[in-house]
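Novice: Pasting a structure below so you can have a look.
The values are calculated or read from the model by the stated rules, or taken from the named source; none is laboratory data. All values derive from a computational prediction rather than experimental measurement. Cβ sites come from the backbone with ideal geometry, for glycine too, and all protein chains shown count toward neighbours. Accessible surface areas use protein heavy atoms only, side chains included; no ligands, DNA or RNA. Shrake-Rupley method; radii C 1.70, N 1.55, O 1.52, S 1.80 Å.
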Amino acid sequence: PAAENLFAEGTGPSLDAKQAKDFHTFVAKALFACKRARPDIHTATIAMTTRVKDPKEDDWKHLNRMMRYVNGTLQDKLILSADDLHVLKWHVDSAFAVHPDFKSHTGGALTFGTGTPVTQSRKQKLNTRSSTEAELVATDDMSTMILWTKLFMEAQGYAIKENILYQDNKSTILLVNNGKKSSSKRTRAINIRYFFLTDQVEKGNLTVEYMPTTEMIGDFFSKPLQGKLFEKFRRMIMGH
């Protein structure tokens, strides 16, 4: 649904008023769809939501590409099933400095076993100096949803035995688990804001575990993947 240059700054002339309105309309419809039944277009849609104020010719091409993809996969359905409704599995990842202003992008997804009922793809709000910092920001971006979902499931009568956050960056895992003990001068500036999760780990609300990049579903929502890797994660996300 998206080319490799999805996050690149749009070029070409601005769209005329009618095209710009159509662009906004279809992006809004795609946003509704990606949150409910088509998480495989989530990353492409989120990138285009940042362009609706002044869409360019390139942005129109991105929209056309995504719509052709949707048209070719109309029969695809999101299939959800659970191995255990008492275990939440979150995959969180980031793509470092991929935007024109060098900000990173957060991707995340929840699974109970098959398919992803909750997904997240968003541009980070601050610049980071390393991939480790970007991953730490990503975990913080997802923290509200991670903790809220645990409370929501418990309110439905499911006592949560495990609330697992999977990460593919071992330095980030150390920072979240150990807090200040694993920080250095390079991470000192973000201690106060991002070691909130360390407190949640100590309270037993969250556990952080390693997941290889090749199995990290969150990678799908942090960048426009291509080829075999896109197909692999797409099947996992859609539950096929």
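Novice: So which of Lys61/Lys103; Lys29/Lys53; Lys89/Lys170 end up more than 20 Å apart, counting from Cα to Cα? Could you put the intermediate results ahead of the total?
Specialist: On the way: Lys61/Lys103 23 Å; Lys29/Lys53 16 Å; Lys89/Lys170 18 Å.
Beyond 20 Å: Lys61/Lys103.
Novice: Using a simple spin-label model with points 7 Å from Cα along the Cα→Cβ vector, what separation in nm is obtained for Asn178 and Lys232?
Specialist: Distance between the two pseudo-spin positions: 3.0 nm.
Novice: How would you rank 57-68, 215-226, 138-149, highest first, on the average number of other Cβ atoms within 10 Å across their residues?
Specialist: Descending packing order for the listed peptides: 215-226, 138-149, 57-68.
Novice: For the residue pair Leu151 and Lys61, what label-to-label distance in nm results when each label sits 7 Å from Cα along the Cα-to-beta-carbon direction?
Specialist: 4.6 nm
Novice: How large is the accessible surface per residue of the chain, computed with a 1.4 Å probe and reported in Å² as a whole number? The partial results should precede the final answer.
Specialist: Details: 12190 Å² over 240 residues.
Per residue, the chain has an accessible area of 51 Å².
Novice: Nearest 500 deg cm²/dmol is fine: what mean residue ellipticity at 222 nm does the chain get from its DSSP H runs of n ≥ 4 alone, each adding -39,500 (n - 2.57), divided by its residue count? Intermediate values should be presented prior to the final figure.
Specialist: Values: 8 runs with 102 residues, N = 240.
It comes out at -13500 deg cm²/dmol, rounded to the nearest 500.
Novice: Within the accessible area of the chain, what % is carbon and sulfur when the probe is 1.4 Å and the other protein chains stay in place?
Specialist: Numbers: 6680 of 12190 Å².
That share works out to 55 percent.
Novice: OK, next. Please find the FRET efficiency linking Ser171 to Glu202, where r is the Cβ-Cβ separation and R0 is fixed at 22 Å, and quote it to the nearest 0.05.
Specialist: Values: r = 19 Å, r/R0 = 0.88.
The value I calculate is 0.70.
Novice: Of the chymotrypsin sites (Phe, Trp or Tyr not before Pro) in the range 69-145, which ones lie in a loop per DSSP and count no more than 13 other C-beta atoms within 10 Å? Please report the intermediate quantities before stating the final value.
Specialist: Working: sites: Tyr69, Trp90, Phe96, Phe102, Phe112; in loops: Phe96, Phe102, Phe112.
Taking the range 69-145 and a limit of 13 other Cβ atoms within 10 Å, the loop chymotrypsin sites (Phe, Trp or Tyr not before Pro) found are Phe102.
Novice: What's the magnitude of the charge dipole for the chain around its Cα centre, counting Lys and Arg as +1 and Asp and Glu as -1 at the beta-carbon? Answer in Debye, nearest 20. If you can, show how the numbers build up before the last one.
Specialist: Numbers: 34 positive and 27 negative charges, 70 e Å.
The calculation lands at about 340 debye.
Novice: Take every DSSP beta bridge with both residues inside the chain and express the antiparallel ones as a percent of the total, to the nearest 5. Walk me through the numbers before you get to the answer.
Specialist: Details: 16 of 25 bridges.
That works out to approximately 65 percent antiparallel.
Novice: Further question on the same structure: Express the C-alpha Rg of the range 1-129 as a ratio against the empirical globular expectation 2.2 N^0.38 Å, rounded to two decimals.
Specialist: On the way: Rg = 16.0 Å, N = 129, 2.2 N^0.38 = 13.9 Å.
Scaled against compact globular proteins, the figure is 1.15.
Novice: Could you tell me the calculated FRET efficiency between Asp22 and Thr50, based on Cβ-Cβ distance and R0 = 25 angstrom, to the nearest 0.05?
Specialist: Working: r = 17 Å, r/R0 = 0.70.
Computed FRET efficiency for Asp22 and Thr50: 0.90.
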